[in-house]
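The values are calculated or read from the model by the stated rules, or taken from the named source; none is laboratory data. Quick caveat, the model's predicted, so the values are computed rather than measured. Backbone-built Cβ (ideal geometry, glycine too); neighbour counts: all protein chains shown.
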Amino acid sequence: MKLIPTRLPEVLLLEPRVFGDSRGFFLESWNEREFERAGIRVHFVQDNHSRSEKGVLRGLHYQIRQPQGKLIRVVAGEIFDVAVDIRRSSPNFGRWESVRLNAESYKMLWIPAGFAHGFCVLSEFAEVLYKATDYYAPEHERCILWNDPELHIDWPLPGPPALSAKDAAGTRLRDAEVFQ
């Protein structure tokens with residue numbers, strides 16, 4: 001597995017080894033020993049799978065208690081994936097990183113706890129798989145406004161995104177409950 005650093009040192013783009021031939025391909029999307037060698041020592045407790053249509057934007061989500069590290073992988077289509085550092089004590093507080101993830105590249109994004117996460121769908125639809133280090137706890141879930149003017153996230157959308165009511169009512173980072 002190849003680790004590709006991002007502007008946020010804790011957020012890593014991961015490129016698995018893909019073995020392909022005329023029959024198709026094989027890759028390991030998760031191997032605890034390989035991830036530990038890469039410095040990612042986590043225990044996953046939940047796998048999630050979402051499907052969204054073009055123009056859907058999900059996020060920016062996080063859990064203030066039971067925070068989740070996430071390993072994001074796209075198995076159909078393409079997304080613009082975003083991680084925002086929301087740890088006040090971090091020198092990167094309020095900074096974000098984005099990557100395009102798609103089924104053809106097999107790349108994955110590791111987003112540790114302490115970051116908000118969101119994505120928008122660039123293809124006709126996208127299916128996203130993500131492993132989480134803690135269980136979903138709706139009572140602890142928070143949402144930062146996707147278009148917070150202080151974040152200046154340059155979402156590659158042709159028009160207004162399709163949002164859930166929760167995402168449309170997100171909180172600006174300056175007013176959000178964040179990590180210390």
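Being surrounded by 11 or more Cβ atoms within 10 Å (Cβ to Cβ) and more than 18 Å from Lys107 (Cβ to Cβ) holds for only one residue in Glu28, Glu36, Glu15, and it is Glu36. Within region 114-134, can you find the residues that are closer than 22 Å to Leu12 by Cα and not in a strand (DSSP E or B)? Of everything in region 114-134, those that are closer than 22 Å to Leu12 by Cα and not in a strand (DSSP E or B) turn out to be Gly114, Leu122, Thr133, Asp134.
Matching residues to (1) in contact (Cβ under 8 Å) with a residue 24 or more places away in the chain; (2) over 24 Å from Val75 (Cβ atoms); (3) out of contact with any Pro (no Cβ under 8 Å at 6 or more places or on another chain); (4) of a type in the set (A, V, I, L, M):
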position: His117; (1), (2), (3), (4): yes, no, yes, no
position: Val121; (1), (2), (3), (4): yes, no, yes, yes
position: Ala126; (1), (2), (3), (4): yes, no, yes, yes
position: Lys131; (1), (2), (3), (4): yes, no, yes, no
position: Tyr135; (1), (2), (3), (4): yes, no, yes, no
position: Pro138; (1), (2), (3), (4): no, yes, yes, no
position: Arg142; (1), (2), (3), (4): yes, yes, yes, no
position: Glu150; (1), (2), (3), (4): yes, yes, yes, no
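Being outside any strand (DSSP E or B) and of a type in the set (Lys, Arg) is the filter here; which residues of region 138-172 pass it? Passing the criteria: Lys166, Arg172. Somewhere in region 101-117, is a residue farther than 19 Å from Lys2 by Cα and either modelled with pLDDT under 95 or out of contact with any strand residue (DSSP E or B) (no Cβ under 6 Å at 6 or more places or on another chain) (or both)? Yes, because at least one residue in region 101-117 is farther than 19 Å from Lys2 by Cα and either modelled with pLDDT under 95 or out of contact with any strand residue (DSSP E or B) (no Cβ under 6 Å at 6 or more places or on another chain) (or both). For region 78-117, residues that are basic (Lys, Arg) and within 22 Å of Ala38 (Cα to Cα) total 2. Within this structure, Pro91 passes the test of being without any contact (Cβ under 8 Å) to a residue 60 or more places away in the chain and either of a type outside the set (Phe, Trp, Tyr) or assigned to a strand (DSSP E or B) (or both). Note on region 32-76: residues that are under 15 Å from the mean Cα position of the chain (by Cα), within 30 Å of Pro158 (Cβ to Cβ) and in a loop (DSSP other than H, G, I, E, B) total 0.
Search region 121-146 for residues being of a type in the set (A, V, I, L, M) and in contact with a Lys or Arg (Cβ under 6 Å, 6 or more places away or on another chain), and hand back the single one that is surrounded by the fewest Cβ atoms within 10 Å (Cβ to Cβ). The residue in question is Leu129.
The requirement of being of a type outside the set (Lys, Arg), more than 15 Å from the chain's Cα centre (by Cα) and outside any helix (DSSP H, G or I) is satisfied by Ser29.
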